[in-house]
Every structure is written in structure tokens, then in C-alpha cells.
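The values are calculated or read from the model by the stated rules, or taken from the named source; none is laboratory data. Being a predicted model, the structure only gives us computed values, none of them experimental. In this analysis, Cβ positions are derived from the backbone assuming ideal geometry, glycine residues included, and neighbour counts consider all displayed protein chains.
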Amino acid sequence: MALTPSAILEVLQPVQDPELKKSLVDLNMIRNLKVEGGQVSFDLVLTTPACPLKHFIMDDCTRAVKKLPGVEAVNINVTAETPAQKPLPDRTGIDGVKNIIAISSGKGGVGKSTVAVNVAVALAQMGSKVGLIDADIYGPNAPMMLGLEGAVIEVNPGPNGEESMVPAFNHGVKLVSMGFLIDKDQPVIWRGPMLNGIIRKFLYQVAWGDLDYLIVDMPPGTGDAQLTLAQAVPMSGAVVVTTPQSVALSDARRGLKMFQQLGVSVMGIVENMSYFIPPDMPDRQYDLFGSKGGERTSEELGLPLLGCVPLEMPVREGGDRGIPIVLADSDSASAKALIAIAQQIAAKVSIAALT
């Protein structure tokens, strides 16, 4: 067989995207193919920069091409084009924003904001364009956790006379939060219509620019904020955060059912504070809040368990200092778990958009 671009595509035809179960060639993920003597080069265009299986796909491509006689080297340039969520009837998308993902919980205190912030930063560190809405209007903690406490966001007149906010930015993530609009100790004492209004403002009156993922840190529970978001925008899906504790799991199940009733796909469950790792005994672990509750719940409800995040002191310290654990100590057990969860979420977004 002559060493031509068509011959290269023919041997690459059986190579599949492991998540999508379709040929890379049919998905148009092989581009700019060139053959110069025995040198073969092409672009491998993944569906997300956070693809957890990138190296496996590259290895499969290299093995396939090297089966051809005359191939001396295979050079693969990896890029990514994140697909956009499919439009939904009666939902208004946000210009430039491809995917909107809710991070939610049935009750407070389970580490939902910690998961949301670290997932957003992890995706940004892997090359994605990421925004974060702190929709927990009554307890806006994201500015502190992203090192933006005290930041002042700019408000400009929009093209049609409405105001447009410029999001704050740090660690690769654009952020809007009620924390930027009120004094540090000022409580937010609002009824539902006002909550609905500010969330819509965060969605539609912010200069988000082009984003692969807009993460929404939801308030706990099943109230106005969840209803507003689900009815306003086409969402790629929701992630529910819980601890292994039975009380938290009971509330998490209600949150799951709420999203399903509103027609929002639930990507899976994150079990936070799965076990405690003492800083002076890193080889030990203690099940402070029970054991394998998230695993049992995911099996009962037929939903994926996206990951289990251990309880480590540096996670809290990083949140207080404004340096999320995925940056502060990327080799820690909790950071590795959160990075893997971010990759799982990105993969599920791509599958939903392309199937």
C-alpha cells in the first residue's frame, strides 16, 4: 500500500474515540494530514482539552499508522474543539457559552462550593475556557476561594441600554458573585423574585466572551435558584455533591429527583469528605462520615459515581487562602480526585453533545 493521505485515513478508520465509540475519522477528529517521505503528521482534534484518555488515543493512532510500510515517524499535534450543548425549546442560550453545568447539593456543608471551584480551575488548567457563576446568593464564598475577595467588578452600559458586568478573573476562571455586589458582612434578605432577577442577570448581563464551560455553583436545596436556572438556559447537566453520611445522601436524592423532574440530565454523584487523611499519618484513613454511601446511592439510582474526594486539611487551607487544592498541591489525593472528576464531567458533556 502506497504511503498516501488516503492510505493513512484508511488505517485510522478503525480507531475509535473510547467515550463516543465512533471512528476518529468519521468524527472529523483527524485533520491537516500530511505525508513527507516517511514522516506522517496530522492534528488530533479532541472534544475537550480535559480528555482523560488523550494519551491512549494518541497511542492507538500511532500504532495504526506504523503498520504501514515506509512510515518512519508519526507526529501528532493535539488540539481540542469543545462541542456545544444542543439547543432546547423554550430555553435561551448565552452567546459564546457552549456548555452550562450545575454543581448542586441537597444540603449545605457538604463541600459543594469546594468541588465547583476546584472543577472550574482544573478545567481551566487543562486548557479550557471556563466561567463560574456563584449562584449561592445567600452565602457567596467563591470570591474567597478563588483569591478574589475584595475585588471590584466593572459595570458597563450594554448595546441596548442594559448594564453589562465584566467578570473578575483569577486562576484561569472568570467569576461573578453576589459577593462582589454587597459589603463583606451584609446579609442578603431577599424573596424569590429578587433571587430570580439576579441569577438571570448573572446569566445574560455578563460579558462572558467565549467559554467552553460555565460552571454554576448552586445554593443547597431544591428552591428558586434551581428552578430559575433549569427553566432559563439549556443545561448540559447537573452534578450532585454529597458526603457518605445518610442525612446528606437523603437530601442528595431529593436534589437528583428535582433535576430529573425539570428535564435536566444528572451526570452523576460526587462523594466529598469520603474519608479523612491525617496530615501526620498520610497512609491512614478514617471514615468520619460513613463509608461508601455515594457508591450505594449511585448503584440504586443507576447514576455514575464521578469520584470520591478525601478530607484533607490542605483543601480547607487552600480555600481560605484563595488557592484551590488543584493548584496548591496537585499531587495530593484530594487534588487528583478533583482533577479526575473534572475530566469525567468534560467527557460526559462531549458525549451528550455529540450523541
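Looking at the range 152-171, which of its residues are in a loop (DSSP other than H, G, I, E, B) and at pLDDT below 90?
Taking the range 152-171 and keeping what is in a loop (DSSP other than H, G, I, E, B), we get 152-153, 158-162, 167, 171.
Within the range 152-171, V152, I153, G158, P159, N160, G161, E162 qualify.
In the range 43-73, which residue that is of a type outside the set (S, T, Y), more than 28 Å from the chain's Cα centre (by Cα) and surrounded by 12 or more Cβ atoms within 10 Å (Cβ to Cβ) is farthest from N118 (Cα to Cα)?
Here is the first cut: in the range 43-73, the residues of a type outside the set (S, T, Y) are 43-46, 49-61, 63-73.
Right, trim to more than 28 Å from the chain's Cα centre (by Cα) and you get 63-73.
Still in the list and also surrounded by 12 or more Cβ atoms within 10 Å (Cβ to Cβ): 63-66, 68, 70-71, 73.
Details: R63: 35, A64: 37, V65: 38, K66: 39, L68: 44, G70: 46, V71: 43, A73: 38 Å.
My answer is G70.
In the range 334-352, what count of residues is obtained for those that are closer than 19 Å to S274 by Cβ and either surrounded by 20 or more Cβ atoms within 10 Å (Cβ to Cβ) or among the acidic types (D, E) (or both)? If you could, list the steps in order and put the result at the bottom.
We begin by selecting, within the range 334-352, every residue closer than 19 Å to S274 by Cβ; these are 334-345.
Imposing the further condition that a residue be either surrounded by 20 or more Cβ atoms within 10 Å (Cβ to Cβ) or among the acidic types (D, E) (or both) reduces the set to 334-335, 337-339, 341-345.
Adding up the residues that qualify gives 10.
Within the range 215-229, residues that are closer than 13 Å to V241 by Cα sit with their Cβ atoms under 8 Å from residues that are surrounded by fewer than 22 Cβ atoms within 10 Å (Cβ to Cβ) and aromatic (F, W, Y), at 6+ positions apart or across chains, in these pairs: P219/Y138. Only one of (1) touching a strand residue (DSSP E or B) at 6+ places or on another chain (Cβ under 7 Å); (2) within 21 Å of L256 (Cα to Cα) is not met by L88, so which one is it? For L88, the exception is condition (1).
Yes/no per residue for (1) under 16 Å from the mean Cα position of the chain (by Cα); (2) farther than 18 Å from L311 by Cα; (3) among the charged types (D, E, K, R):
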{"position": "L203", "(1), (2), (3)": "no, yes, no"}
{"position": "L227", "(1), (2), (3)": "no, yes, no"}
{"position": "K257", "(1), (2), (3)": "no, yes, yes"}
{"position": "V264", "(1), (2), (3)": "yes, yes, no"}
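Restricting attention to the range 289-317, the residues being in contact with a helix residue (DSSP H, G or I) (Cβ under 8 Å, 6 or more places away or on another chain) and of a type in the set (S, T, Y) number 1. Checking the structure you have, find out if any residue of the range 281-291 is under 16 Å from P314 (Cβ atoms) and either surrounded by 15 or more Cβ atoms within 10 Å (Cβ to Cβ) or in contact with a strand residue (DSSP E or B) (Cβ under 7 Å, 6 or more places away or on another chain) (or both). Yes; the residues of the range 281-291 include at least one that is under 16 Å from P314 (Cβ atoms) and either surrounded by 15 or more Cβ atoms within 10 Å (Cβ to Cβ) or in contact with a strand residue (DSSP E or B) (Cβ under 7 Å, 6 or more places away or on another chain) (or both). Note on the range 11-40: residues that are within 16 Å of R63 (Cα to Cα), assigned to a strand (DSSP E or B) and either under 30 Å from the mean Cα position of the chain (by Cα) or among the charged types (D, E, K, R) (or both) total 4. In the range 177-190 there is at least one residue that is closer than 12 Å to G131 by Cβ and out of contact with any Gly (no Cβ under 9 Å at 6 or more places or on another chain). Is the range 226-237 home to any residue that is in a strand (DSSP E or B) and closer than 30 Å to E299 by Cβ? Looking through the range 226-237, at least one residue is in a strand (DSSP E or B) and closer than 30 Å to E299 by Cβ.
Please note which helices (runs of 4 or more DSSP H) are completely contained in the range 54-149 and include at least 1 residues that are over 21 Å from L181 (Cβ atoms) and either in contact with a Ser or Thr (Cβ under 9 Å, 6 or more places away or on another chain) or modelled with pLDDT of 95 or more (or both).
Working: elements: 54-66, 112-125, 142-145.
The helices (runs of 4 or more DSSP H) meeting that bar are 54-66, 112-125.
Within the range 256-270, is even one residue of a type in the set (K, R) and assigned to a helix (DSSP H, G or I)? Within the range 256-270 (the criterion being of a type in the set (K, R) and assigned to a helix (DSSP H, G or I)), the answer is yes, since at least one residue qualifies.
Restricting to the range 235-255, name every residue that is closer than 20 Å to L338 by Cα, at pLDDT 85 or above and either buried (at least 23 other Cβ atoms within 10 Å of the Cβ) or under 19 Å from the mean Cα position of the chain (by Cα) (or both). Please lay out each step first, then the result.
Of the range 235-255, the ones closer than 20 Å to L338 by Cα are 236-245, 248-249, 252.
Add one more test, that the residue is at pLDDT 85 or above, and what stays is 236-245, 252.
Answer for the range 235-255, where residues must be closer than 20 Å to L338 by Cα, at pLDDT 85 or above and either buried (at least 23 other Cβ atoms within 10 Å of the Cβ) or under 19 Å from the mean Cα position of the chain (by Cα) (or both): S236, G237, A238, V239, V240, V241, T242, T243, P244, A252.
Does the range 81-96 hold any residues that are touching a helix residue (DSSP H, G or I) at 6+ places or on another chain (Cβ under 9 Å) and not acidic (D, E), and which are they? Listed by number, the residues that qualify are T82, P83, A84, Q85, K86, R91, T92, I94.
Here is the figure for the range 154-182: residues that are polar (S, T, N, Q) and under 21 Å from the mean Cα position of the chain (by Cα) total 2.
Answer with yes or no whether A335 is aliphatic (A, V, I, L, M), under 14 Å from T114 (Cβ atoms) and assigned by TED's automatic domain parsing to the domain that holds L175.
Numbers: aliphatic (A, V, I, L, M): yes; under 14 Å from T114 (Cβ atoms): yes; assigned by TED's automatic domain parsing to the domain that holds L175: yes.
Yes, satisfied.
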